[in-house]
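The values are calculated or read from the model by the stated rules, or taken from the named source; none is laboratory data. Source: prediction; values computed, not measured. Because the Cβ atoms are built from the backbone with ideal geometry, glycine has one as well, and the counts that use them run over all protein chains shown.
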Amino acid sequence: MYWTNLKMFKTESGLTPWKPVTLVFGYSHLDSMEPYAVNPYHATGSIAPASAPKGYFGAGLGRGQLLDGRVVYSINRNVQGYFNMEKFMPGDFYKIQNNGYWYRFDITYRYKGFVPFHQSRG
């Protein structure tokens, strides 16, 4: 995906039903400023003009919609984990209209202290 032809509206909201758990939900509406166009000077490895990949891009400006949800669990003040899930519903910018799903699980450890990177010689 190239980012120079992207307009996006995003909204996000969260709630904490009890102290260690936070739920975050988001919605993004993605559009493009122009239909997919090919730069004729970027035909990689060829002297022929570039052409759009067949079967991927449509003629519309709507890139699609993205729903996302995240469950954040704080185990203690140093350890936090989350589960993230997203559903992408493509718009008419793409010919292929299959929904896309993405899942991620992550655990983070944070150390809050001083770590000397070198010893001073005195």
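Tally the residues that are assigned to a loop (DSSP other than H, G, I, E, B) and closer than 29 Å to LYS7 by Cβ, restricting the search to region 60-97. Counting residues in region 60-97 that are assigned to a loop (DSSP other than H, G, I, E, B) and closer than 29 Å to LYS7 by Cβ gives 8.
Residue count for region 19-35 satisfying the condition of being part of a strand (DSSP E or B) and surrounded by fewer than 15 Cβ atoms within 10 Å (Cβ to Cβ): 4.
Considering region 1-30, and only residues there that are at pLDDT below 95 and among the charged types (D, E, K, R), the residue that is farthest from PHE93 (Cα to Cα) turns out to be LYS19. The set of residues from region 75-98 being closer than 30 Å to GLY55 by Cβ, surrounded by fewer than 11 Cβ atoms within 10 Å (Cβ to Cβ) and modelled with pLDDT of 90 or more comprises just one member, ASN98.
From the list GLY69, GLY64, the lone residue that is at pLDDT 95 or above, on the phi > 0 side of the Ramachandran plot and within 18 Å of the chain's Cα centre (by Cα) is GLY64.
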